[in-house]
Amino acid sequence: MSTNVLRLGTDGRLPGIRVVGFHGKVGTEQTPARRGPVLADEHGRLVRVLEGERSPREVLVEIDAEPLPEGELPGIGTRLSSVPALFGDRVVIVGDRERRSSWRLTPQTSETSTPCVEEFVAWLGGTEPRSERLRCERVDDVVAWVCSPDEAFALWKRIEAVAEEELVRALGRDKQSLVNASFWLSRASVAERSMYLAAAGLSRAGSPHVEALLRAGLRNRTEEERRRGVEEAAAVLEKHSGTKNASPPGPVCTSFRDRMRKRSLVRAA
């Protein structure tokens, strides 16, 4: 095992390093998910980034003495086709729900358009097994995309919006549909409002997992804050539950969203 200092390319590329997999296993009912990449050098040896970016544009890495074995990665990991590695890479994993909703993941305005995300969403709706240029591929029942943190966040925001709509639509269906939609929203959540809506959906369906979801997703909130948040989210869902062919949250959720944002600002002050 050895350590080495790598100088990043102008595009953030780690010279001689490639992404060969991601940490953990992800099933189609566990998406969307984000995982750290498994890195290897040109000799197939495992590489670990030990420090963040150093000046000027350098990172310290640790390299194993022996190459990784062929086939499955040792420990718990999922192997991918090798693609170039950039500093800060994330691996986004999406499944059946996201594939079926790919046409709904396009932005509504040019202001929310993100070129790389646009290309990935278009690719997701197709049948191509992999794209070296986009750094994505289909692996069994899921799709893995190696991307930057900003690109992952932009995709998550789109999935979150679609998942909120799906939760409202599930209000008029059976309880299991509501539970499934609630868990999907909790996995796609990037904002507190979505986690509260997911918890309210589970509560409405009589799920025993409401408290566990809140503790895992909102660790920095007190029990009283979580209770109030769920109550407000439940009121939002109640307003939509009696509507035939329930429409997406719209202005009601916008109001709820604003209250959640103000609460966060007050707490941070």
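Worth pointing out:
- Degrees between helix 175-188 axis and first principal axis of the chain (Cα, 0 to 90, nearest 10): 50
- Using a probe of 1.4 Å on the protein chains alone, the accessible area found for Asp11 is around 90 Å².
- Summing Cβ point charges (Lys, Arg +1; Asp, Glu -1) relative to the Cα centre of the chain gives a dipole of roughly 1020 debye.
- About the centre of its Cα atoms, the stretch 110-198 shows a dipole size close to 260 debye [charges on the beta carbon of Lys, Arg (+1) and Asp, Glu (-1) only; nearest 20 debye].
- Top of Leu178, Leu218, Leu155 by mean-square fluctuation, Gaussian network on the chain, Cα under 10 Å: Leu218
- Here the Kirkwood formula puts the hydrodynamic radius of the stretch 166-242 at 12.0 Å, using every distinct Cα pair.
- Ordering Leu68, Leu124 by accessible surface, largest first, gives Leu68, Leu124; the 1.4 Å probe counts only protein heavy atoms, with every chain in place.
- Residues whose amide H lies under 5 Å from that of Ile17, counting only those 5 or more places away or on a different chain, are Ala85; hydrogens are built 1.01 Å from N in the peptide plane.
- Karplus-based coupling profile of the stretch 232-241, in residue order and whole Hz: 5, 5, 5, 5, 4, 5, 4, 5, 9, 5, with θ = phi - 60° in 6.51 cos²θ - 1.76 cosθ + 1.60 and x standing for Gly or Pro.
- Length released on extending from Gln176 to Ser82, taking residue separation times 0.36 nm less the Cα-Cα span: 30.0 nm
- Over the chain: helical MRE at 222 nm, DSSP H runs n ≥ 4 each giving -39500 (n - 2.57), nearest 500: -13000 deg cm²/dmol
- Listed values for the stretch 67-83 are Karplus-derived 3J(HN,Hα) couplings in whole Hz (6.51 cos²θ - 1.76 cosθ + 1.60, θ = phi - 60°), namely x, 5, x, 5, x, 5, 6, x, x, 9, x, 10, 7, 10, 5, 5, 9, and x replaces Gly and Pro.
- DSSP loop GluC sites (Glu not before Pro) with at most 12 other Cβ within 10 Å excluded, longest remaining stretch of the chain: 133-269
- For the chain, accessible area per residue (1.4 Å probe, heavy atoms of protein chains only), Å²: 52
- Measuring nothing but protein heavy atoms, the accessible surface of the stretch 35-192 at 1.4 Å probe radius is 51 percent carbon and sulfur.
- The candidates Lys157, Lys175, arranged from most to least accessible area with a 1.4 Å probe in the full protein assembly, appear as Lys175, Lys157.
- J(HN,Hα) series, the stretch 37-46, from Karplus relation 6.51 cos²θ - 1.76 cosθ + 1.60, nearest Hz, glycine and proline x: x, 9, 10, 9, 8, 5, 9, x, 8, 4
- Ile76 accessible area, assembled protein chains, probe 1.4 Å, Å²: 130
- Dividing the Cα radius of gyration of the stretch 26-106 by its Kirkwood radius returns 1.05 for Rg/Rh.
- Where labels lie 7 Å past Cα in the beta-carbon direction, separation of Ser131 and Glu238 in nm: 4.5
- These residues, Met1, Met195, go from largest to smallest accessible area, 1.4 Å probe, as Met1, Met195.
- With all protein chains modelled, accessible area of Asp96 [1.4 Å, Å²]: 50
- Tail fraction, Cα-Cα pairs, the stretch 181-220, threshold 11 Å, whole percent: 55
The values are calculated or read from the model by the stated rules, or taken from the named source; none is laboratory data. Since the model is a prediction, treat every value here as computed from it, not as a measurement. Neighbour counts run over all protein chains shown; Cβ positions are idealised from the backbone, glycine included. Each accessible area value is taken on the protein alone, full model and side chains, heavy atoms only, with ligands, DNA and RNA left out. Shrake-Rupley method; radii C 1.70, N 1.55, O 1.52, S 1.80 Å.
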